[in-house]
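The values are calculated or read from the model by the stated rules, or taken from the named source; none is laboratory data. Bear in mind that the values here come from a model prediction, so they are computed numbers and not experimental data. Cβ atoms come from the backbone with ideal geometry, glycine included; neighbour counts cover every protein chain shown.
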There are 2 protein chains.
Amino acid sequence: MGTTDRIKAVAEKVIKTKKNGDNVIVVVSAMSGETNRLVGLAQEMQVYPKPREMDVLLSTGEQVTIALLCMAIEEIGFPTRSYTGGQVRILTDNSHTKARIEEIDTDSIQADLATGKIVVVAGFQGISEDGHITTLGRGGSDTTAVALAAALKASECQIFTDVDGVYTTDPRVEPRAKRLDRITFEEMLEMASLGSKVLQIRAVEFAGKYNVPLRVLSTFEQGEGTLITYEDETMEQALISGIAFNRDEAKVTIEGVPDEPGIASKIVGPIADANIEVDMIIQNVAEDVTADFTFTVHRNDFKKAYSILQEIRDTLGARRVTGDENIVKVSLVGVGMRSHAGIASTMFKALAAEGINIRMISTSEIKISVVVDEKYLELAVRTLHEAFDLTDRAYD
Amino acid sequence: MGTTDRIKAVAEKVIKTKKNGDNVIVVVSAMSGETNRLVGLAQEMQVYPKPREMDVLLSTGEQVTIALLCMAIEEIGFPTRSYTGGQVRILTDNSHTKARIEEIDTDSIQADLATGKIVVVAGFQGISEDGHITTLGRGGSDTTAVALAAALKASECQIFTDVDGVYTTDPRVEPRAKRLDRITFEEMLEMASLGSKVLQIRAVEFAGKYNVPLRVLSTFEQGEGTLITYEDETMEQALISGIAFNRDEAKVTIEGVPDEPGIASKIVGPIADANIEVDMIIQNVAEDVTADFTFTVHRNDFKKAYSILQEIRDTLGARRVTGDENIVKVSLVGVGMRSHAGIASTMFKALAAEGINIRMISTSEIKISVVVDEKYLELAVRTLHEAFDLTDRAYD
């Protein structure tokens, strides 16, 4: 939710859906900038703001939006009813600022829907068994929407965003990127975790778990958006759904480590202890029976990881530590990979033809990721977009 | 509640009281400017914002403050617990934006106090039997504080304001005005309704009804403030407690009305129908057996009242309508009046000595009000302050 204009735009969308004869429940987030404003106030008060009070504070953001959206809808002439998380009774555990939904009571909402009301629910928030206000953490409003859709067995959960759907890749990098009509939960999860920022991973996981069809739509533009569902056997399956990439990567290497049992944990252990998340890990054994370990970390953690490895080098008697902050990860994602060989080979050939050197490779059942020098990012994405014919592809 | 600095100042005050060994419950209002900001957002959404949603919206103001104040107190090292109106269970009727408190459940608060916690409650808000969020309307936070004090049988209810107590009159008009150590509920009610803006009338009424001693204090300054209680027989009672005045007055007169039964209601009825509140009313019968009616209204209603009287003049065949927008009301207030004659005569003599012409007079058991030309306001207040020796007076 952005400015008041945005709330009015949502009111129009909601009424359009209602006029189509569907019952509508709208889950809202805080207005743009509001959460940051509240966090700023909290930081003026307490160095480490108390999580319970942080939830009391932040939950007001969505409460403001439910009231305003109801007013905007009523102004156009449709009856509404707003609900805070506690009023619905979205029951969560007691983990303030990162609570998990345990149960949703839909009785009151269903009674309102039965009388023709448009129901507006504050996302991101719930209530604990003891009556404390809780919040769900990042992506919380999307999670609320999916959980409500599941509890009410809704036919579809629509997520309104700044973009009009999920694209084969970021249109700022490849202007010919194509909006996908459909994508599977698994693909969306890979896309999200690989750096595509359309939806929060947690909401997608939740939707997949409870089999709630998700549709990503634009708040301001028209269009069908992108439907995220389980794989449908009747639909023709594309090889590749999209190309995700992540600029926030850096890699570090420790060379000449004695190749003996337990060595990996001696290296990765201290990194994990420093709260640094490791993404890709590669180990290869050289001829002199020492090993080289390479792994990628978030670019913000590069310096810390590098200096930890230098300490380990001294302890283990390894040869040397090297690092590179100027790398990116580019990934092909598609459930079609499962049944088609040769994807990797096509990928590597296309990159080689453009002189792009691959530094690391990692694969899973439905994705192939490569690490390349940062300067090649745009070229690599466009090359792969072309090589896998994503521009012309259509599901329907 | 003002800025974040103000919240920190309140935290210091609260902890000081706690250190004195008293249990503390703090009732807070929204931060300065917040309510206006929210009302502005509502008006962007709906021409006449729906009262139910207005309450959902406005109640976030106090919810923000309870969280921030708890954080500020915890930062200094004292345990807290915040409560929204609904969490306390401040049960109200269903009159959104002007709800009345029906019942307060103090169990949870008392349990928290027993474990040494400082309890922070959102003022101005409650919850209806059906779980809807309600607000109490103007002065609501003071009312919440008094109601909680009554329910918990607190020894005192302290109201922190911009001023350090109740004064004999407005110090901006009479710099020698003296802070009162004590004042009775009745006097405070008269002072409040006559234009002294320290406390909301409703909170004072409520405190009087449930016999909760109120103390008006400054948020930023030190001092004992002013205690508002029932009349104490052991204390020496001053004749006059203070001088209130009101600049928002205007008067209208309809002259030469036939003096017959029912004529007053024919005049005041149409005024009331137009939602204009009438304050003082005077009727005098002239020798020609027609009557003149004069009454005062809020200055904003002057033009409307004047034109209504002109219509009535035509209907009733009255002589003419006159009016004056440049008048003020000055009032002496004091329970001591009850037992002392001569107050009025001293008042009139003092004003006459300064050449101040009295336009209207109205009295009640503990007050005498006069209407004078606006230009004499300051002179009249200072003259009476001197005449009744308010500068030197002290209760203790």
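Cβ-Cβ contacts under 6 Å between residues 6 or more apart (or on different chains), taken from a first residue in the range A:57-83 that is more than 7 Å from chain B (Cβ to nearest Cβ) to a second residue that is of a type in the set (A, V, I, L, M) and assigned to a helix (DSSP H, G or I), are listed as A:LEU58/A:LEU38; A:LEU69/A:ILE7; A:ILE73/A:ALA11; A:ILE76/A:ILE15; A:PHE78/A:ILE15; A:THR80/A:ILE73. Check B:ILE76, B:ILE90 and return the single one that is in contact with a Gly (Cβ under 8 Å, 6 or more places away or on another chain) and among the aliphatic types (A, V, I, L, M). Answer to the check: B:ILE90. Residues of the range B:192-223 that are within 8 Å of the chain's Cα centre (by Cα) and not small (Gly, Ala, Ser): B:LYS197, B:VAL198, B:LEU199, B:GLN200, B:ILE201, B:ARG202, B:VAL204. Selection over the range B:307-325 of residues that are among the basic types (Lys, Arg) and assigned to a helix (DSSP H, G or I) gives a count of 1. Selection within the range A:1-13: residues that are β-branched (Val, Ile, Thr) and in contact with a Ser or Thr (Cβ under 9 Å, 6 or more places away or on another chain). The member of this set that is nearest to the other protein chains (Cβ to nearest Cβ) is A:ILE7. For B:ASN23, the conditions (1) crowded, with 18+ Cβ neighbours inside 10 Å; (2) within 13 Å of chain A (Cβ to nearest Cβ) are fulfilled apart from (2). As for the range B:375-394, it holds no residue that is in contact with a Gly (Cβ under 7 Å, 6 or more places away or on another chain) and at pLDDT below 90.
Check every one of the strands (runs of 3 or more DSSP E) wholly within the range A:95-168 and list those with 3 or more residues that are more than 20 Å from A:THR17 (Cα to Cα) and either of a type in the set (S, T, N, Q) or touching a residue at least 40 places away in the same chain (Cβ under 8 Å) (or both).
Numbers: elements: A:101-104, A:118-122, A:125-128, A:133-135, A:157-161.
Answer list for the range A:95-168: A:125-128, A:133-135.
A single member of B:ILE327, B:ILE356, B:ILE361 is modelled with pLDDT under 90, hydrophobic (A, V, I, L, M, F, W, C) and touching a strand residue (DSSP E or B) at 6+ places or on another chain (Cβ under 7 Å), and it is B:ILE361.
Within the set B:GLU156, B:GLU174, B:GLU205, the sole residue that is acidic (Asp, Glu), surrounded by 19 or more Cβ atoms within 10 Å (Cβ to Cβ) and at negative phi turns out to be B:GLU174.
Of everything listed in (1) more than 8 Å from chain A (Cβ to nearest Cβ); (2) closer than 25 Å to B:THR4 by Cβ; (3) among the aliphatic types (A, V, I, L, M); (4) surrounded by 18 or more Cβ atoms within 10 Å (Cβ to Cβ), the single unmet condition for B:ILE101 is (2).
Within the range A:31-47, work out how many residues are more than 17 Å from B:SER82 (Cα to Cα), in a loop (DSSP other than H, G, I, E, B), facing chain B (nearest Cβ under 10 Å) and without any contact (Cβ under 8 Å) to a residue 24 or more places away in the chain. Even if it seems obvious, please write down each step before you answer.
Step one: filter the range A:31-47 for residues more than 17 Å from B:SER82 (Cα to Cα), giving A:31-37, A:39-40, A:43-44, A:47.
Restricting the remaining residues to those that are in a loop (DSSP other than H, G, I, E, B) gives A:31-33, A:47.
Checking which are facing chain B (nearest Cβ under 10 Å) leaves us with A:31, A:47.
Going one step further and asking which of them are without any contact (Cβ under 8 Å) to a residue 24 or more places away in the chain, we end up with A:47.
Of the residues in that region, 1 qualify.
For the range B:257-265, state whether one or more residues are modelled with pLDDT of 80 or more, buried (at least 22 other Cβ atoms within 10 Å of the Cβ) and out of contact with any helix residue (DSSP H, G or I) (no Cβ under 7 Å at 6 or more places or on another chain). Looking for residues that are modelled with pLDDT of 80 or more, buried (at least 22 other Cβ atoms within 10 Å of the Cβ) and out of contact with any helix residue (DSSP H, G or I) (no Cβ under 7 Å at 6 or more places or on another chain), one finds none in the range B:257-265, hence no. The single condition among (1) of a type outside the set (A, V, I, L, M); (2) closer than 14 Å to A:LEU148 by Cα; (3) in a loop (DSSP other than H, G, I, E, B) that A:LYS197 does not meet is (2).
Could you go through the range A:118-140 and let me know if any residue there is farther than 21 Å from A:THR60 by Cβ and either surrounded by 24 or more Cβ atoms within 10 Å (Cβ to Cβ) or within 12 Å of chain B (Cβ to nearest Cβ) (or both). Yes, because at least one residue in the range A:118-140 is farther than 21 Å from A:THR60 by Cβ and either surrounded by 24 or more Cβ atoms within 10 Å (Cβ to Cβ) or within 12 Å of chain B (Cβ to nearest Cβ) (or both). For the subset of the range B:264-286 comprising residues that are aliphatic (A, V, I, L, M) and outside any strand (DSSP E or B), which member is nearest to B:SER193 (Cα to Cα)? If we take residues in the range B:264-286 being aliphatic (A, V, I, L, M) and outside any strand (DSSP E or B), then B:ILE276 is nearest to B:SER193 (Cα to Cα). Looking across the range B:287-304, the residues that are out of contact with any helix residue (DSSP H, G or I) (no Cβ under 6 Å at 6 or more places or on another chain), of a type in the set (A, V, I, L, M, F, W, C) and part of a strand (DSSP E or B) come down to B:ALA291, B:PHE295. Within the range A:244-255, residues that are free of Cβ contacts under 8 Å to residues at least 60 places away in the same chain reach partners that are of a type outside the set (Ser, Thr, Tyr) and part of a loop (DSSP other than H, G, I, E, B) with beta carbons closer than 8 Å, at six or more positions or on different chains, in the pairs A:ASP248/A:GLY195.
Just one of the listed residues (B:ILE15, B:ILE7) is touching a Leu at 6+ places or on another chain (Cβ under 8 Å) and either in a helix (DSSP H, G or I) or at pLDDT 95 or above (or both), and it is B:ILE7.
Has the range A:18-29 got at least one residue that is polar (S, T, N, Q) and in a helix (DSSP H, G or I)? Talk me through it step by step, then tell me what you get.
Start the filter on the range A:18-29 by keeping residues that are polar (S, T, N, Q), which leaves A:20, A:23, A:29.
If we keep only those that are in a helix (DSSP H, G or I) as well, we get none.
Within the range A:18-29, none of the residues are polar (S, T, N, Q) and in a helix (DSSP H, G or I).
Taking the criterion of being in contact with a helix residue (DSSP H, G or I) (Cβ under 9 Å, 6 or more places away or on another chain), surrounded by fewer than 24 Cβ atoms within 10 Å (Cβ to Cβ) and among the small types (Gly, Ala, Ser), the residues of the range A:31-68 that qualify are A:SER32, A:ALA42.
Annotation: B:ALA344 fulfils all but one of (1) of a type in the set (A, V, I, L, M, F, W, C); (2) within 15 Å of B:PHE245 (Cα to Cα); (3) outside any strand (DSSP E or B); the unmet one is (2). Of the residues screened, A:THR161 is not one that is over 27 Å from A:ALA9 (Cα atoms) and within 17 Å of the chain's Cα centre (by Cα).
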